Amino acid sequence: MATKTLDKKISDKKISDMTVRELKKLIKDTVLEVIDPDYGFELRPEVEKELLESKKKKEKGILLETVVKELGLE
């Protein structure tokens with residue numbers, strides 16, 4: 001299962017108890033999570049291995065022009 005890498009020490013603090021560095025990290029992590037909902041998740045090793053193998057085997061696709069011509073959409 002994917003896991004979020006949250007710093008529990010920081011997430012349980014009040015803002016008034018945080019250092020400037022901890023507050024900046026919290027803000028940065030929050031912004032990155034909004035931009036990329038998968039931020040902080042890690043892939044299981046077997047999933048990462050499958051993705052790398054799939055990438056190696058990936059064949060080139062068909063050119064758009066070829067598909068248009070084959071379907072008579074010119």
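The number of residues in region 57-69 being in a helix (DSSP H, G or I) and exposed (fewer than 10 other Cβ atoms within 10 Å of the Cβ) comes to 3.
Table: residues versus (1) at pLDDT 90 or above; (2) surrounded by 10 or more Cβ atoms within 10 Å (Cβ to Cβ); (3) not in a helix (DSSP H, G or I).
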{"site": "2", "(1), (2), (3)": "no, yes, yes"}
{"site": "10", "(1), (2), (3)": "no, yes, no"}
{"site": "21", "(1), (2), (3)": "yes, no, no"}
{"site": "25", "(1), (2), (3)": "yes, yes, no"}
{"site": "31", "(1), (2), (3)": "yes, yes, no"}
{"site": "39", "(1), (2), (3)": "no, yes, yes"}
{"site": "43", "(1), (2), (3)": "no, yes, yes"}
{"site": "46", "(1), (2), (3)": "yes, no, no"}
{"site": "55", "(1), (2), (3)": "no, no, no"}
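Taking the listed residues 27, 35, the one that is on the phi < 0 side of the Ramachandran plot, over 15 Å from the mean Cα position of the chain (by Cα) and among the aliphatic types (A, V, I, L, M) is 27, with no other qualifying.
The values are calculated or read from the model by the stated rules, or taken from the named source; none is laboratory data. From a predicted model like this one, the values you see are computed outputs, not experimental measurements. All Cβ positions, even for glycine, are placed from backbone atoms using ideal geometry, and neighbour counts span all protein chains on display.
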